[in-house]
Each structure stands twice: as C-alpha cells, then as structure tokens.
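Student: The structure that follows is given in the form of structure tokens.
Every read-out reported here was derived from the displayed coordinates using simple, explicitly stated rules and does not represent laboratory data. What you see is a predicted model; the values in this text were computed from it and never measured. With ideal geometry, Cβ positions are generated from the backbone for all residues, glycine too; neighbour counts draw on all protein chains shown.
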Amino acid sequence: MARMKFLCDAERCIECQACVTACKSEHEVPWGVNRRRVIVMDDGLPGEKSVSVACMHCSDAPCAAVCPVDCFYTTADGIVLHDKDLCIGCGYCFYACPFGAPQYPQQSAFGVRGKMDKCTFCAGGPEPTHSEAEYVKYGANRVADGKLPLCAEMCATKALLAGDGDVVSDIYRQRVMRRGGRPQTWGWQAAYGTT
Amino acid sequence: MPYKAMLAALAVVSVALLSACEPDVIVHEPGVYKGKPDETATQEAAERRAQPLRDRALTGMTDR
C-alpha cells in the first residue's frame, strides 16, 4: 500500500514561494493562515538553503496523539486529516507538531482561535467528495481526481516532491546519484567532509 | 418520627429518579477518531487511486 509523503530537495529550492501561492490560491485559504511556507536557513550568506514546509503527514502523528477530542484520522494511504466540526481550537496540536503545521484563523477580537487548519495533501476532509462543505472547510480534493498536491505539481525546479513514498524516494535517489553519489542534505558536508 | 419518614421517602424518590437515568451511557474510547466517516480514507479508495497517483508522480516530478 502506498504511503503519501512530501520531500523538499533543499539543493533545488530557490525560495520562489510558488508552492505557498499555489496552495493559498487552490484552497482559498483565509488571510493569516499559511498551510505551507518556505523556511530559509543562513539567509543572505554563502550556502543559503531553503525548504518548503507544511504538514508532513507523519506516520505516527503527534498532533493526533495529543488531540483531546480525537478529531484526527489517517487515510489508508497515510494522509493525516482532521474533522473541523469536532476541533475545539485548543492549540495542543500546534505545540505537538515539530513542523508548525497547524494554523488557526483569528475569528474574533482578543486573539480567540478558530478551528485548526492545515495541509490536507489536497485530499479534502470528512465531507462528501467535491461538495461545497468540503471545499469551504478543507479546500479542493485533488487526490480524489488522481492528482497530486498542487504545491508539488507547480514547483518550477521540481524541488518539492509529493506522492507515494517509494516513488518520491526513487526520484530523490536518482538525483543524488547524478550529483555524485553523496546525499547532499543540509549539513552533510559540514559534518562529514567530502569523502 | 416524621423526620425519619421524610428521609425514607426522600431516599425512595431519589432511587426512583436515579433508576430512570439513561442506562446506555456512552464511554468514548480514548485515541480513537470520533468524527464523521470519510469515504476517501478507506483501503479500497486508497487502492483505487494509488496507481494513477504513482503514474502522475513519475510523469510530473522526474527530470525530462
């Protein structure tokens, strides 16, 4: 069985923010909520790297483990989704997530949090597929149409990969082989040298 | 004596009221999803879309 994964190739990401824009546009994400964002390390310095980060759809999702109302579920192919009708906006998932994926719209004065919003891997949520309720709450359901997340499909340099983990790792492995056989992940050369 | 009778009557009424409580108390299992079912989360749905998604990844994300 396939397991859906994201992988961002830091050697290729050029910080164009097209993935962020594509996500916001496709799902009409409310103002102030970023399901995906680009993180830049050593900005402006030689060796600057950037990576595109969103929900990584963890195999053993910590957000689901801490949710007091148990509104998270994982699809058979590993996409972590949640039911917004159950969410109480407590923020526990935000503290548990190592990627800062959960986002909260500000619905009223004094910073009161709304229901949690996060990347759905463009797989909608627990509403009838392609219904208006699904689009309003969770965004477009591209996966049901046999399409991959738009952020990855829009990536100009193909830095952001999405799909079945086996396919994604094969593509990345081939790239690494072409680059000289070393996994050029961030910090590798600094830590282990060139040999 | 009327006080004791009153207490006894109160106890009988309390027991009667309590016995009228809903017997089917829902005890939620912790850590189990409580939301609405999602038709696209099932094994069959995942198997149905696996190959098209694999083909799309190989078409769109590999270098030409």
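Student: What's the long-distance tail for the stretch A:62-134, i.e. % of Cα pairs beyond 13 Å?
Tutor: Summing the P(r) of the stretch A:62-134 above 13 Å gives 66 percent of all pairs.
Student: Moving to a separate point now. I'd like the orientation of helix B:2-19 relative to chain B: the angle between its Cα long axis and the longest Cα principal axis, in ° from 0 to 90, rounded to 10.
Tutor: 20
Student: How charged is the neighbourhood of residue B:44? Take every other residue with its Cβ under 14 Å from the Cβ of residue B:44, and add Lys/Arg as +1 and Asp/Glu as -1.
Tutor: -2
Student: Consider just the alpha-carbon atoms of the stretch A:43-99 and return their Rg together with their Dmax, both in angstrom.
Tutor: 14.7, 47
Student: Can you list residues from other chains, or at least 5 along the same chain, whose modelled amide H is less than 5 Å from the amide H of residue A:160?
Tutor: A:9
Student: Between residue B:39 and residue A:21, what FRET efficiency comes out of the Förster formula 1/(1 + (r/R0)^6) with R0 = 41 Å and r the beta carbon distance, rounded to 0.05?
Tutor: Calculated value: 0.85.
Student: Lys and Arg at +1, Asp and Glu at -1: add these up for the other residues within a Cβ distance under 13 Å of residue A:42 and post the number.
Tutor: -2
Student: With the convex hull built on the Cα atoms of chain A, state its orientation-averaged projected area in nm².
Tutor: 12.6
Student: Using per-residue counts of other Cβ atoms within 10 Å, averaged over each peptide, order A:63-72, A:12-21 from highest down.
Tutor: Taking the mean over residues of other Cβ atoms within 10 Å, the ranking is A:63-72, A:12-21.
Student: Separate question: If contacts are Cα pairs under 8 angstrom and at least 6 residues apart, what is the relative contact order of chain A in percent?
Tutor: Taking the mean separation of contacting Cα pairs over the length of chain A, I get 27 percent.
Student: For chain B, what value does the Rg/Rh ratio take when both radii are computed over Cα atoms and Rh is the Kirkwood radius, given to two decimals?
Tutor: 1.64
Student: Next question. I'd like the distance separating the alpha-carbon centroids of the stretch B:22-64 and the stretch A:1-59, in whole Å.
Tutor: 23
Student: Rounding to the nearest 10 and keeping the result within 0 to 90°, find how far the Cα-based axis of helix A:18-27 lies from the longest principal axis of chain A.
Tutor: So the helix axis and the longest Cα principal axis differ by about 20 degrees.
Student: By how many degrees, between 0 and 90 and to the nearest 10, does the Cα long axis of helix A:165-178 differ from the longest principal axis of chain A?
Tutor: The helix A:165-178 is inclined about 20 degrees to chain A.
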